[in-house]
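Peer 1: Can you keep this structure in mind? I'll have questions shortly.
The values are calculated or read from the model by the stated rules, or taken from the named source; none is laboratory data. This one's a predicted model, so the numbers in the text were calculated from it and none came from an experiment. Note that we place each Cβ from the backbone using ideal geometry, even for glycine, and neighbour counts take in every protein chain shown.
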Amino acid sequence: MTDLAAFRAETRAFLEANCPVSMRSPVRSDEDICWGGRNWRFQSDDQRLWMERMAARGWTVPTWPKAYGGGGLSHEEAKVLKEEMSAIGARQPLLSFGIWMLGPALLAFGNEAQKLEHLPRIARGEIRWCQGYSEPGAGSDLASLQTRAEDKGDHYEVTGQKIWTSYADKADWIFCLVRTNATAPKHLGISFLLFDMTSPGVTTRPITLISGKSPFCETFFDAVKVPKANLVGTLDRGWDIAKYLLTHEREMIGEGGSGLLGGRSPGQMATDAIGLDATGRLADPFLRADAAMAEVDALAFALTMDRYKDEAASGGRGVGDRSAILKYAGTELNKRNHELMMRAGGHEALEWEGQRSNDGSLPRAWLRTKANSIEGGTSEVMLDIIAKRLLQLPSA
Amino acid sequence: MLILNEDQKMLQESARGFLESRSPVSALRKLRDDRSIDGFDRALWAEMAEMGWAGILVPEEHGGLGFGYVGAGILCEEMGRTLAASPFLSTSVMAATALRASGTLGHQQRWLPGIAGGRAIIAAAVDEGRVHDPAGTALAAERHGNGFLLRGSKAVVVDGHVADAFIVAARTAGAPGEKDGVTLFLVDAKAKGLSIERTIMLDSRNAASLQFDGVEATGADILGETDAGYPLLEVMLGAGRAGLAAELAGIAAESFGRTVSYLKERKQFGRTIGSFQALQHRAAHLFSEIEIVGSAVLNALQALDRDANTASLAVSVAKAKAASVARLAAQESVQMHGGIGMTDAVDIGLFMKRMQSASMLFGDVSFHADRVALARGF
């Protein structure tokens, strides 16, 4: 047996013995996701057990080094783990911005003390992070952000406002882009700071979206004191980290494009609602034709993520600027899939409140996807990046 | 791993170099304008055979390279880039696949060395009607004494007018529309009662219509199983579809590459047109789609190398995706070239023509999207 086959057998046995049965069902809504953090209330004992058991092996962050709470798995091993988890329908034990975004940035840019302080607490689900990027005047043009951090000798003093801060009201810490140099060109005066959301001067206000949910906040900083040790990387060079992190964010958001609701594609979901005809085809031919192309596109897109990761893992080019392709194609696909699911749902997908529809989970999810092609860089910004950096088309 | 290994990368590089110098788009143009009788360059095909291309899927014991489908797909893609004319798809991809998978040693010994050596051309005669429909096979093979009499017709037989033999899908039982009752016959091009009429296609690709008026065949001419030839037919078609998907990927990539160069060159309103955001975004969208095609095609080729009997979903995903994106690429390429893109003097329109035939052959986007949906339970 090869090492990888042995790893697969061992992983399968571990998951079989340790993944509670209730954690092997599809995530129905945001509330089913374990985000962790100081204020986290586990939905069930199973959710807690599953997170703790996986964290103990470092498998909440399988590819991070063991020294920082990770599993130390290779790319190939992590792929096996993912496959084995999906084979039994296992949920992610823990999801967070710490895992997706800050972790990779700290691994690349943080100093040893920062890595040791923050990474294990992310891996164990103890600290929940939020991202302080966008501002009212700095959306697509993120580098024009105005929140400033003044050097007060032994600390920085942060004043300003962020917007679209995901789950700021539930987060424990924030990683935040701040202006530390007002005279330098806009990309060269930005720094990357970490601070505790319970610091005096931090307030948050949830924003209600068209989905009726409030996953985002406005976040205000009024002379917040931040220790100087919490600066990541070099002063004024935070834009490099921001860009690196955005690359990860785009990859992650793009990945949502093939993350089908409950593991089922729109065509498969429509089959439950509409049924098949005598030839085994979905009984609505118009919907079927569109769902079939969406299925083709989703399968081909998922293969592209695999290919980029395989290329990176085999020492070829990393994903890099191609994350813009994943972000663009993945989010457009996700929006399309939700449109198809609304068609499949028909009148039933109009219900907003009530048990039957799980409080309108389908239409709320549909509306939420409209932000996919806006958050983390709009589709238009992605196309700009592809045109300029990958195709080298000239500027105006 | 969805990446090329070192041998495959080397093949890709050498194929690109060879085709760019020996079979550029101008070579196709010359074949067309000279009204070449063969429709391809026999001397060039002999050179390709010498490099091992003709026998890339032929096992080594029969004189081939046994290199596999990823390699065959690389060649299809590169030939798509330069619109190279050759019997590669019909003979080296489809016929070699059918012979290899048939398990009929006599036929293998008779034909495989010739394929590998570039001496034998064998074409697949499958479709009869308006669109690809292998189960709809109606050409009848009626039992006659110890053998069969073939009656009926075939259309768009790729390389049909230059073939030495045909692999013919015929009905020995059942009714058109049924998968059971189809049998594959190897029929010599000189067989009595067989008439061959060349079809001049829009892309200058070689094809023919065949008419079978009581062509005699015996049990020894059967490839695979009698009445149950459909699975073997599917395997042969799978290879052809994947080859075409790879060719479409090459067509899309080259057409796009030429268009991006043009966007960087052409000036209007005092600036290069590639600086207009309206064009940049369309180019960026198209590039994203072409990247995605590459993944689907490589996956299909690898799936064929793993097991040609179970690659059907992967192949249909690749063909559907490649055909729809190559269409977008061809349309955007002509549009972004503007008026000059409409002229015969510029190559870009030739890619649109090749795209159309490669898209239609062995199942268009609808055909393959339907198969994907069925495979996924709807």
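Peer 1: Filter the stretch A:42-86 for residues that are among the basic types (Lys, Arg) and more than 18 Å from A:Leu107 (Cβ to Cβ) and give the result.
Peer 2: Listed by number, the residues that qualify are A:Arg48, A:Arg53, A:Arg57, A:Lys79, A:Lys82.
Residue-wise test of (1) of a type in the set (Gly, Ala, Ser); (2) under 23 Å from A:Phe192 (Cα atoms).
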{"residue": "A:Trp50", "(1), (2)": "no, no"}
{"residue": "A:Ala55", "(1), (2)": "yes, no"}
{"residue": "A:Pro93", "(1), (2)": "no, no"}
{"residue": "A:Pro104", "(1), (2)": "no, yes"}
{"residue": "A:Ala108", "(1), (2)": "yes, yes"}
{"residue": "A:Gln114", "(1), (2)": "no, yes"}
{"residue": "A:Gly125", "(1), (2)": "yes, yes"}
{"residue": "A:Ala138", "(1), (2)": "yes, yes"}
{"residue": "A:Asp141", "(1), (2)": "no, yes"}
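Peer 1: Can you tell which of B:Gly229, B:Gly257, B:Gly219 is among the small types (Gly, Ala, Ser) and under 21 Å from the mean Cα position of the chain (by Cα)?
Peer 2: B:Gly229
Peer 1: Another question about this same structure. If you go through the stretch A:278-293 one residue at a time, how many are closer than 25 Å to A:Met252 by Cα and surrounded by 24 or more Cβ atoms within 10 Å (Cβ to Cβ)?
Peer 2: Residues meeting the conditions: 2.
Peer 1: If you don't mind, there's one more thing I want to ask. Name the residue that is farthest from B:Asp33 (Cα to Cα), counting only residues in the stretch B:200-241 that are of a type in the set (Ser, Thr, Tyr) and either assigned by TED's automatic domain parsing to the domain that holds B:Val297 or touching a helix residue (DSSP H, G or I) at 6+ places or on another chain (Cβ under 8 Å) (or both).
Peer 2: Of everything passing the filter in the stretch B:200-241, B:Thr226 is farthest from B:Asp33 (Cα to Cα).
Peer 1: Hey, another quick one. Only one of B:Ala249, B:Ala207, B:Ala284, B:Ala253 is surrounded by 16 or more Cβ atoms within 10 Å (Cβ to Cβ) and at pLDDT below 95; which?
Peer 2: B:Ala207
Peer 1: Pairs only if they're at least six apart or on different chains, beta carbon under 9 angstrom, first in the stretch A:383-396 and within 7 Å of chain B (Cβ to nearest Cβ), second of a type in the set (Phe, Trp, Tyr) and in a loop (DSSP other than H, G, I, E, B); list them, first residue then second.
Peer 2: Going by the 9 Å Cβ cut-off, the qualifying pairs are A:Ala396/B:Phe276.
Peer 1: Tally up the residues in the stretch B:326-378 that are charged (D, E, K, R), within 14 Å of chain A (Cβ to nearest Cβ) and over 17 Å from the mean Cα position of the chain (by Cα), please.
Peer 2: Adding up the residues that qualify gives 4.
Peer 1: For a quick check of your reading of the model, give me the residue pairs whose first member lies in the stretch B:182-196 and is more than 17 Å from B:Ala208 (Cβ to Cβ) and without any contact (Cβ under 8 Å) to a residue 60 or more places away in the chain, whose second is part of a loop (DSSP other than H, G, I, E, B) and not acidic (Asp, Glu), with beta-carbon atoms closer than 7 Å and at least 6 apart or on different chains.
Peer 2: Within 7 Å, the pairs are B:Val182/B:Thr137; B:Val182/B:Gly229; B:Thr183/B:Thr172; B:Thr183/B:Thr226; B:Thr183/B:Gly229.
Peer 1: Being within 19 Å of A:Leu390 (Cα to Cα), in contact (Cβ under 8 Å) with a residue 40 or more places away in the chain, facing another protein chain (nearest Cβ under 10 Å) and in contact with a Ser or Thr (Cβ under 8 Å, 6 or more places away or on another chain) narrows it down to one residue among A:Ala291, A:Ala329; which is it?
Peer 2: Checking each option against the conditions leaves just A:Ala329.
Peer 1: Out of the stretch B:68-91, which residues are hydroxyl-bearing (Ser, Thr, Tyr) and within 10 Å of the chain's Cα centre (by Cα)?
Peer 2: B:Ser90, B:Thr91 - these are the residues of the stretch B:68-91 that are hydroxyl-bearing (Ser, Thr, Tyr) and within 10 Å of the chain's Cα centre (by Cα).
Peer 1: What single numbered condition from (1) surrounded by 18 or more Cβ atoms within 10 Å (Cβ to Cβ); (2) in contact with a Pro (Cβ under 9 Å, 6 or more places away or on another chain); (3) not in a strand (DSSP E or B) fails to hold for A:Ser214?
Peer 2: The failed condition is (1).
Quick grid of which residues meet (1) more than 26 Å from A:Arg288 (Cα to Cα); (2) crowded, with 21+ Cβ neighbours inside 10 Å:
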| position | (1), (2) |
| --- | --- |
| A:Ala313 | yes, no |
| A:Gly316 | yes, no |
| A:Val319 | yes, no |
| A:Ala324 | yes, yes |
| A:Leu333 | no, yes |
| A:Met342 | no, no |
| A:Leu350 | no, no |
| A:Gln355 | yes, no |
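Peer 1: Of the residues in the stretch A:224-234, how many are surrounded by fewer than 16 Cβ atoms within 10 Å (Cβ to Cβ) and farther than 15 Å from A:Asp196 by Cβ?
Peer 2: The total comes to 1.
Peer 1: Oh, and also: Consider A:Thr11 carefully, then state whether it is among the hydroxyl-bearing types (Ser, Thr, Tyr) and at pLDDT 95 or above.
Peer 2: Criteria met by A:Thr11.
Peer 1: Here's another thing I want to ask about it. Considering the stretch B:282-311 alone, what residues qualify as being charged (D, E, K, R) and either part of a helix (DSSP H, G or I) or within 10 Å of another protein chain (Cβ to nearest Cβ) (or both)?
Peer 2: B:Arg282, B:Glu289, B:Glu291, B:Asp305, B:Arg306
Peer 1: Answer yes or no: is there a residue in the stretch A:29-46 that is more than 21 Å from A:Trp129 (Cβ to Cβ) and part of a helix (DSSP H, G or I).
Peer 2: Yes - at least one qualifying residue is present in the stretch A:29-46.
Peer 1: Starting from residues that are in a helix (DSSP H, G or I) and touching a Lys or Arg at 6+ places or on another chain (Cβ under 8 Å), keep the ones in the stretch B:259-279 and report whichever is nearest to the other protein chains (Cβ to nearest Cβ).
Peer 2: Looking at the filtered set, the residue picked out is B:Gly274.
Peer 1: With the stretch A:110-194 as the region, which strands (runs of 3 or more DSSP E) entirely inside it contain at least 2 residues that are farther than 22 Å from A:Gly98 by Cβ?
Peer 2: Strands (runs of 3 or more DSSP E) meeting the threshold: A:148-151, A:155-166.
Peer 1: Taking the stretch B:82-117, which residues are on the phi > 0 side of the Ramachandran plot and surrounded by fewer than 24 Cβ atoms within 10 Å (Cβ to Cβ)?
Peer 2: Within the stretch B:82-117, B:Gly103 is the sole residue that qualifies.
Peer 1: Hey, can you tell me all the residues within the stretch A:73-100 that are part of a helix (DSSP H, G or I) and on the phi > 0 side of the Ramachandran plot?
Peer 2: Result: no residue meets the conditions.
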